C-alpha cells in the first residue's frame, strides 16, 4: 500500500560531498530537517546516535539497505560542548556508484510503501539539467513554501498533489542489497550500546506509536541472519524454502530489558532453540576466543539439551559481529535458569 504522503528534497552541495566547490571530497547523505522527519522512522533523542536501517528502492528498483541516523550528541549527552542535532539519510555507493548521480539543485522525492508489514522508500530523481515539467512543478512547491527570505529545500506533501508518483511499487527482486558501508556506519553508531547494560535495563523507554519497532525488528533479523550466513549458530543448519525459514534472530540481552538491536546482541537460532534460550534453558559462555553452550543443570537430562551442552557455536567471520561479552554476562545473570517468560527487569 502506498502511503498518502511524499517527501521532497532539493539537494545542496555540502550534502553531496562538495568541499570548496570540489566534488567527491566526502561521502554523500541527505540532511532531513525536523519538520519533515516524521516521514521517516522515529529516532530517540536520548539514545546516542540512534539509527535504523531503511529499505530504499533505487531508480532500477533494487532494494538497497541504507542508514538513517540521528546525530544527537546535544540531546543524548550531558556535555554542553556537544552541538550535533541533525538527521541524516546516507546514500550508499550501490545507489550512487560514482558520486555524481545527484547534483546540487537536483530534486529527489521519496514515496513510502507498506508491503507485507515492511516499509519501503521509493526514490525518484528529477534533474535540474533535464528541467522537466515535473522538476518545475516540484520547484514551485518548494518556492511556495518559502519562509520570508529563507529558502525551503525539504517538504512533505500529499500524494494526490503529485499524481505522477502515484503508482504501484515494482520491486525487481525480493533480495535486499546490504552494502558494506551501511554496515560500517551502523557499527560505528552502535559502538557505545554495550557500555552499561544494567543501567540501560532500568531506563523507562517509551516506544512511539509508529512503524519504528517493526522496522528495527525486521532490520535486526535480516542483519543477524546475514552475519550467521543463514544458519543456526548451534546446529549450523536451517530449514528454508523460498523466503520461508525456521531461523530467528535471538536477542542476548532481551528486548524487554531494552537490549539493543545491534549485531553483537544477536544470534541466529532455530525456533525451538530460540525459545529455550529465551527461557534460560541454556546460555553461552565466552573463553579464550570460543563461545560454548552451557546448559542449566535442571534440564541437562533433556535429549536435545544434553546433545548441545558444551558445544562450540558457529561464530561470524567478522569479529565485530560476534557476541558481546557484556551481553552474554547479562543473559547469564538475569535470564539463565529462570525458566519463564522474559519480562521487563
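For residue 185, the stated conditions do not hold, so it cannot be described as more than 30 Å from residue 326 (Cα to Cα), touching a residue at least 60 places away in the same chain (Cβ under 8 Å) and under 16 Å from the mean Cα position of the chain (by Cα). Scanning segment 202-215 turns up at least one residue that is touching a strand residue (DSSP E or B) at 6+ places or on another chain (Cβ under 6 Å), part of a helix (DSSP H, G or I), surrounded by 17 or more Cβ atoms within 10 Å (Cβ to Cβ) and not assigned by TED's automatic domain parsing to the domain that holds residue 67. For segment 256-345, the helices (runs of 4 or more DSSP H) that sit wholly inside it and include 3 or more residues that are more than 16 Å from residue 236 (Cβ to Cβ), modelled with pLDDT of 95 or more and in contact with a strand residue (DSSP E or B) (Cβ under 6 Å, 6 or more places away or on another chain) are 325-334. Does at least one position in segment 19-26 carry a residue that is buried (at least 18 other Cβ atoms within 10 Å of the Cβ) and either part of a loop (DSSP other than H, G, I, E, B) or touching a residue at least 12 places away in the same chain (Cβ under 8 Å) (or both)? No - not one qualifying residue is present in segment 19-26.
Starting from residues that are in contact (Cβ under 8 Å) with a residue 40 or more places away in the chain and outside any strand (DSSP E or B), keep the ones in segment 51-73 and report whichever is surrounded by the fewest Cβ atoms within 10 Å (Cβ to Cβ). Among them, the one singled out is 60. Within segment 238-247, identify whether any single residue is assigned to a loop (DSSP other than H, G, I, E, B), at pLDDT 95 or above and more than 28 Å from residue 52 (Cα to Cα), and answer yes or no. Looking through segment 238-247, at least one residue is assigned to a loop (DSSP other than H, G, I, E, B), at pLDDT 95 or above and more than 28 Å from residue 52 (Cα to Cα). For segment 28-40, state whether one or more residues are over 25 Å from residue 134 (Cβ atoms) and assigned to a loop (DSSP other than H, G, I, E, B). Yes, segment 28-40 contains at least one residue that is over 25 Å from residue 134 (Cβ atoms) and assigned to a loop (DSSP other than H, G, I, E, B). Restricting attention to segment 118-156, report how many residues are in a loop (DSSP other than H, G, I, E, B) and either touching a helix residue (DSSP H, G or I) at 6+ places or on another chain (Cβ under 6 Å) or outside the structural domain of residue 11 (by TED's automatic domain parsing) (or both). Total meeting the criteria: 1. Every listed requirement among (1) within 21 Å of residue 222 (Cβ to Cβ); (2) over 29 Å from the mean Cα position of the chain (by Cα) is met by residue 265 save one, (2). Answer yes if at least one residue in segment 234-243 is under 19 Å from the mean Cα position of the chain (by Cα) and surrounded by 21 or more Cβ atoms within 10 Å (Cβ to Cβ), and no otherwise. Taking every residue of segment 234-243 in turn, none turns out to be under 19 Å from the mean Cα position of the chain (by Cα) and surrounded by 21 or more Cβ atoms within 10 Å (Cβ to Cβ). Would you confirm whether or not segment 297-311 contains a residue that is buried (at least 21 other Cβ atoms within 10 Å of the Cβ) and assigned by TED's automatic domain parsing to the domain that holds residue 216? No: zero hits.
Considering (1) surrounded by fewer than 12 Cβ atoms within 10 Å (Cβ to Cβ); (2) in contact (Cβ under 8 Å) with a residue 60 or more places away in the chain; (3) within 16 Å of residue 62 (Cβ to Cβ), say which one residue 124 fails and leave the rest. All conditions are met except number (1). The one condition from (1) touching a residue at least 60 places away in the same chain (Cβ under 8 Å); (2) out of contact with any strand residue (DSSP E or B) (no Cβ under 6 Å at 6 or more places or on another chain) that residue 34 does not meet is (1). Inspect all residues belonging to segment 160-169 and state whether any of them is outside any helix (DSSP H, G or I) and either touching a strand residue (DSSP E or B) at 6+ places or on another chain (Cβ under 6 Å) or at pLDDT below 85 (or both). Scanning segment 160-169, I find at least one residue that is outside any helix (DSSP H, G or I) and either touching a strand residue (DSSP E or B) at 6+ places or on another chain (Cβ under 6 Å) or at pLDDT below 85 (or both), so the answer is yes.
The values are calculated or read from the model by the stated rules, or taken from the named source; none is laboratory data. Only a predicted model underlies this, so the values are computations on that prediction, with no experimental measurement involved. Here the Cβ is made from the backbone with ideal geometry for all residues, glycine too, and neighbour counts use every protein chain on show.
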